[in-house]
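Shown next, in structure tokens, is the structure this report addresses.
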Amino acid sequence: MTENITGLAKYGKYLALLMERRIVVTHDNGNEPSDWPQYHFSDVGTDDDFVRELAVDFQELLHATSIAGVDREAAETALMVLLVDGLLPAYNHLRQIENSPPHTAMITQTQQVEDFTSALWRAYKTLFQKLSMTLGFDIGFLFSGTAEFEKGATIFTSTHPHHAYVIDFLRTQRETWQQGLEGFRNRFIEHRNVSRDGFADYYASGRPRALFENVWKTIEELVLIFLASHLRSSTGVGIQRVTKAEQDPRHPRCFRWVAGSNLER
């Protein structure tokens, strides 16, 4: 059965053909487009929200903002790098964890979780931070100690007074899951400064999935806020989520620009 192409995205020299359950890439080899080579890139596609939003929805929303020229190109690239080099590798590790046979060796299970955690933290701390910079928001303080976080929060509020509410959101993420994930990755996985026993719950069934959702939902919320701050029009236009029932199955989109009072952002 042939899958629908649900979107197109640029990644380096490649053009990504996005489908529901896979991604195929191609590139210009000097011949007619019908003769360009195609490579199977990923068996994860736009059926997974994070793929569709980073490669399709956010790219389209970006083009409706005042970000233009080289700045737009930088943001487009950063979105795809976050997906391809960050969240997709982490998600592949997650699927290995969830699909492992019941009697998988303990050493394999622990390595799978630790590889997943390292990939997820890289996506969040390094690649998402770079994306945020291309959208005009420096969130480096989010990954600092308490004193530096509060100092950075003051600077953020001064620089972006209309987005002061973001600080409470960031503080909640730090307190509910981020600091624990950071400790697991830095203190144990990276430097082995503490015992694995102190992080036993990170190996528990369902915990990796919950952490992936924590990271992705935080990225999703902040990217939407940052994109909405660059509206070409300031007359009541914002972003609204498209429900599953409203989505065109041939070209599903999770968000749209709308004008009116019922705005999420």
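The values are calculated or read from the model by the stated rules, or taken from the named source; none is laboratory data. Note that this is a predicted model, so its numbers are computed, not measured. Glycine gets a Cβ as well: all are built from the backbone with ideal geometry, and neighbour counts include every protein chain shown.
Of note:
For (1) within 29 Å of residue 52 (Cβ to Cβ); (2) crowded, with 18+ Cβ neighbours inside 10 Å, each residue gets a yes or a no:
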{"position": "191", "(1), (2)": "no, no"}
{"position": "206", "(1), (2)": "yes, no"}
{"position": "212", "(1), (2)": "yes, yes"}
{"position": "222", "(1), (2)": "yes, yes"}
{"position": "227", "(1), (2)": "yes, yes"}
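- Residues in region 111-137 that are more than 21 Å from residue 98 (Cα to Cα), in a helix (DSSP H, G or I) and among the aliphatic types (A, V, I, L, M): 127, 131, 133.
- Which numbered condition residue 102 fails, given (1) within 22 Å of residue 224 (Cβ to Cβ); (2) at pLDDT below 95; (3) outside any helix (DSSP H, G or I): (1)
- Test: residue in region 35-51 that is over 16 Å from residue 85 (Cα atoms) and in contact with a Lys or Arg (Cβ under 6 Å, 6 or more places away or on another chain): yes
- Taking helices (runs of 4 or more DSSP H) as the structural unit, no element lying wholly within region 146-265 holds at least 3 residues that are within 22 Å of the chain's Cα centre (by Cα), within 15 Å of residue 57 (Cβ to Cβ) and of a type in the set (Ser, Thr, Tyr).
- Subset tally (residues that are assigned to a helix (DSSP H, G or I) and surrounded by 11 or more Cβ atoms within 10 Å (Cβ to Cβ)) for region 61-74: 6
- Some residue of region 138-151 being at pLDDT 95 or above, under 20 Å from residue 86 (Cα atoms) and surrounded by fewer than 17 Cβ atoms within 10 Å (Cβ to Cβ): yes
- In region 18-44, of all residues being among the hydrophobic types (A, V, I, L, M, F, W, C) and within 19 Å of residue 92 (Cβ to Cβ), the one that is surrounded by the most Cβ atoms within 10 Å (Cβ to Cβ) corresponds to 23.
- Pairs linking a residue in region 187-211 that is farther than 22 Å from residue 89 by Cβ and touching a residue at least 40 places away in the same chain (Cβ under 8 Å) to a residue that is of a type outside the set (D, E, K, R) and surrounded by 11 or more Cβ atoms within 10 Å (Cβ to Cβ), with Cβ atoms under 8 Å and 6 or more positions apart or on different chains, are 196/110; 196/188.
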